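A short write-up of the structure that comes next.
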Amino acid sequence: MIRGRVMGEVWATKKAPRLAGRKLILVAETCITAGAERPTGRVVVATDLLDAARGDTVVVAFGSGARNAECPGSRDVLVDAAVVQIVDGSSTPGAD
Amino acid sequence: MIRGRVMGEVWATKKAPRLAGRKLILVAETCITAGAERPTGRVVVATDLLDAARGDTVVVAFGSGARNAECPGSRDVLVDAAVVQIVDGSSTPGAD
Amino acid sequence: MIRGRVMGEVWATKKAPRLAGRKLILVAETCITAGAERPTGRVVVATDLLDAARGDTVVVAFGSGARNAECPGSRDVLVDAAVVQIVDGSSTPGAD
Amino acid sequence: MIRGRVMGEVWATKKAPRLAGRKLILVAETCITAGAERPTGRVVVATDLLDAARGDTVVVAFGSGARNAECPGSRDVLVDAAVVQIVDGSSTPGAD
Amino acid sequence: MIRGRVMGEVWATKKAPRLAGRKLILVAETCITAGAERPTGRVVVATDLLDAARGDTVVVAFGSGARNAECPGSRDVLVDAAVVQIVDGSSTPGAD
């Protein structure tokens, strides 16, 4: 899993049928350098069942972890990244 | 999933038999820096069932997500990346 | 698997139900340059069943390796990264 | 999948038994900057059933995609990367 | 799969029970620039059933490839990276 900040929502009319009705958001991965949180430059597109808002710090799971966040035990979910936590805080200085 | 821009199509006469008839495109991953969309330098090759055109911003899914975009529930699909959305817009400034 | 240092714990009230009760930690991946251990800038979020403390050097497994660390043979675990070792030492100078 | 150039073959006498008889090649991933194809610095080791020659531009599939290129539907293939196309051309300037 | 050089072994007393008895090594990924092999800065932790020595050039497989190197067809192996070849040579200048 990675930690990142929510940048906003993406929308589309042309999409794989199995994505219909899903909220997709852009998340900018972050790291901590010298006590300050910074973007790494990597941006992922994830589904969001937790209703994260722009600017929230979130944890994103990938692969089967994301499938299981969407639908436990399912094998045919299309998404490969999902928000699994909206972070309240951490014990790392500068990390929230 | 990642977001990127369609660079063009690749073609081949020598290929794995199970790729026959599939359209493969090059997608340049993008990030947003200072409100402007820029390529990260990573380029992926993805199948395209949505008929994306050069210059389109798309969302690409990987692994089992891509397999399920091609054929839900299938275990023997060869591709590991597939276009799952042609992006109309987003709530992130500079992201479209 | 990667090796990294524990930066601290993350907590959240809003999370995927299947993450309830799990300890999640931030791990900064490290490499060795000129005999000294340095962070690569990549930070992962992993579950921790071994009770690692801040500053510990740990080994993190991903994907099905992480699922099997959580629950062997299970197919519906949500996490995609798990601490599988707290490193005591290594035969690489500067690596501990 | 990624696109790259074939650098050459690797050989070994000491190997996992299930790799016996397989041709393994080194592929340098490429991107396109300012219309020119350049190596990204990432090198992957892939199996090659298509008999690619040094200097060829190829498409490499990973994970289950690679397993299915080797043996469709199989679950116990050892390789995680396989050449699935030898590229003839593309609609991207400078990409061949 | 990637190619890299063996840096040394890591050991631990506190580990996931299913890792007991396994040898874990650090492998520094390498690329070739201007005919010379160089580390990319990425370091992976892999199991080693081939008894690789420090300084050896090896091929490392990931994910299900690594699981199948450990135990063919198994679904509950904890490791996600395994040495599958000790490289004798290659047809790429500067690559051994």
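The values are calculated or read from the model by the stated rules, or taken from the named source; none is laboratory data. Because the structure is predicted, anything quoted here is derived from the model rather than measured. Please note: Cβ atoms are built from the backbone with ideal geometry, for glycine as well, and neighbour counts cover all protein chains shown. To get the accessible areas, we keep the full protein, side chains included, count just its heavy atoms, and leave off ligands, DNA and RNA. Shrake-Rupley method; radii C 1.70, N 1.55, O 1.52, S 1.80 Å.
Out of curiosity, is E:D51 among the acidic types (D, E), in contact with a Ser or Thr (Cβ under 9 Å, 6 or more places away or on another chain), open to solvent by 20 Å² or more (accessible area, probe 1.4 Å) and free of Cβ contacts under 8 Å to residues at least 40 places away in the same chain?
No: the conditions fail for E:D51.
What's the number of the condition A:T57 fails, among (1) farther than 17 Å from C:W11 by Cα; (2) at pLDDT 80 or above?
(1)
Only one of C:T33, C:T92, C:T40 is among the β-branched types (V, I, T) and loosely packed, with under 15 Cβ neighbours inside 10 Å; which?
Values: C:T92 fails: loosely packed, with under 15 Cβ neighbours inside 10 Å; C:T40 fails: loosely packed, with under 15 Cβ neighbours inside 10 Å.
Testing whether each residue is among the β-branched types (V, I, T) and loosely packed, with under 15 Cβ neighbours inside 10 Å leaves just C:T33.
Contact list please: Cβ distance under 7 Å, first residue in segment C:29-44 and closer than 25 Å to C:G63 by Cα, second residue of a type in the set (D, E, K, R) and open to solvent by less than 60 Å² (accessible area, probe 1.4 Å), pairs at least six apart or on different chains.
The qualifying pairs are C:T30/C:R3; C:T30/C:E37; C:P39/C:E29; C:T40/C:E29; C:R42/C:E29; C:V43/A:R3; C:V44/C:E29.
Looking only at segment D:1-21, how many residues end up being surrounded by fewer than 17 Cβ atoms within 10 Å (Cβ to Cβ) and more than 10 Å from chain E (Cβ to nearest Cβ)?
2
Name the residue, out of A:R54, A:R75, that is more than 23 Å from B:R67 (Cβ to Cβ) and either in a strand (DSSP E or B) or among the charged types (D, E, K, R) (or both).
It is A:R54.
May I ask you to list the residues in segment A:58-79 that are open to solvent by less than 20 Å² (accessible area, probe 1.4 Å), touching an Asp or Glu at 6+ places or on another chain (Cβ under 6 Å) and within 11 Å of chain C (Cβ to nearest Cβ)?
Passing the criteria: A:A61, A:G65, A:A66, A:N68.
Might you check whether a residue that is touching a Leu at 6+ places or on another chain (Cβ under 9 Å), in a loop (DSSP other than H, G, I, E, B) and not charged (D, E, K, R) occurs anywhere in segment B:26-34?
For segment B:26-34, residues touching a Leu at 6+ places or on another chain (Cβ under 9 Å), in a loop (DSSP other than H, G, I, E, B) and not charged (D, E, K, R): absent.
Does B:R3 qualify as being at pLDDT below 95 and not β-branched (V, I, T)?
no
Looking at segment D:84-96, which of its residues are more than 8 Å from chain B (Cβ to nearest Cβ) and in a strand (DSSP E or B)?
Within segment D:84-96, no residue meets the criteria.
Can you go through D:G41, D:G21, D:G4 and tell me which one is part of a strand (DSSP E or B) and over 21 Å from B:A82 (Cβ atoms)?
D:G41
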